[in-house]
1. Counting only the backbone N, which residues of region 308-345 are under 14 Å from the spot 7 Å out from the Cα of residue 362 toward its beta-carbon?
2. Say R0 is 41 Å: what FRET efficiency, to the nearest 0.05, do residue 197 and residue 298 get from their beta-carbon distance?
3. Measuring from label point to label point, each 7 Å out along Cα→Cβ, what is the residue 170 to residue 151 span in nm?
4. PRE reach from residue 347 (point 7 Å along Cα→Cβ): which of region 317-332 fall under 15 Å by backbone N?
5. Out of all DSSP beta bridges with both ends in region 302-362, state the antiparallel percent to the nearest 5.
6. Would you look at the GNM of the chain, springs on alpha carbons closer than 10 Å, and say which of 189, 278, 111 moves the most?
7. Could you work out which residue, out of 178, 252, 206, moves most in a Gaussian network model of the chain, that is, has the largest mean-square fluctuation with Cα springs under 10 Å?
8. Sorted from fewest to most neighbouring beta carbons within 10 Å, what does the list 134, 281 look like?
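Taken together, the values in this text are just the output of simple stated rules run on the coordinates, not laboratory data. What you see is a predicted model; the values in this text were computed from it and never measured. Cβ placement follows ideal geometry from the backbone for every residue including glycine, while neighbour counts extend to all protein chains displayed.
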């Protein structure tokens, strides 16, 4: 007779589920090299402000940082990534790149981490650089593209053109690196047409993932000078949200994950410190996703006949409740005010995917 499998209790199932989630989660070990390797002063950038009070890392620092973070991570963590942030990594002298990458490479060879990621500029990519990155086991390269519109690139003092973007992407793909692309919304000279053209170019380039940043005015930048003169007007929060809704849906439709939408809040990146003006919000992505759900809810409401005494019930996946409700209940308030429902309630349904909702008009 075969062994009888013992059925797990609900509590055992929950504990097992938590362990699986921990092991599948990606853990990041950050290594900061603020403004090293980049001689450019793009219109929007003040790397010293963006990075805050961060000291450049040495090889000894990298060893120490890796060990510190690994001791903090759960023993079951499987997906550990070392990410080199700030500056343009491949603009550093090759011996410095090698020194900084050596500790990460050693840990990867031992099987103690999965990925090594660097960020750089499109014009700092060539075959020699990519060979060096391969030698030290780098697996992911992020390109700070920001725009593929040549006029926008020139106005913002990027120091490269669309041509360098296309050439860099082709080389990276030929060398079999995983590719990430970064774009910005609302740069000097930007409009919705130039932004959507950049997005269409990204679709053609087929990156593995994308980051989207709304342009804000940072202290001690060229944009701040233009802003003070009235020669640069940043996008409003609502305009940025409306455009980013289109971008997020476009990339989702084409199965390209957007792994960041909006600036990450730090001690410096907040109003009253480094941020002078522009569509900064600590919950920018939540606002964008909430508005997408609001649009879907409205489409479904318009398909049904309603009157002032009706109540609306919205069904969604448990993890989507806050987004369906809206940032600070904004969707519920909007729907109540616009359609005069007697009540709007949101109910969880495990039968729905995270991007699905259903509604019921309760008479």
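1. Flagged as within label range: 309-316, 341-345.
2. My answer for the efficiency is 0.90.
3. That separation, rounded to one decimal, is 2.6 nm.
4. 317-318
5. Close to 50 percent.
6. Maximum fluctuation in the GNM of the chain, among the listed residues, is at 111.
7. Fluctuation is largest for 252.
8. Listing 134, 281 from fewest to most nearby Cβ atoms yields 134, 281.
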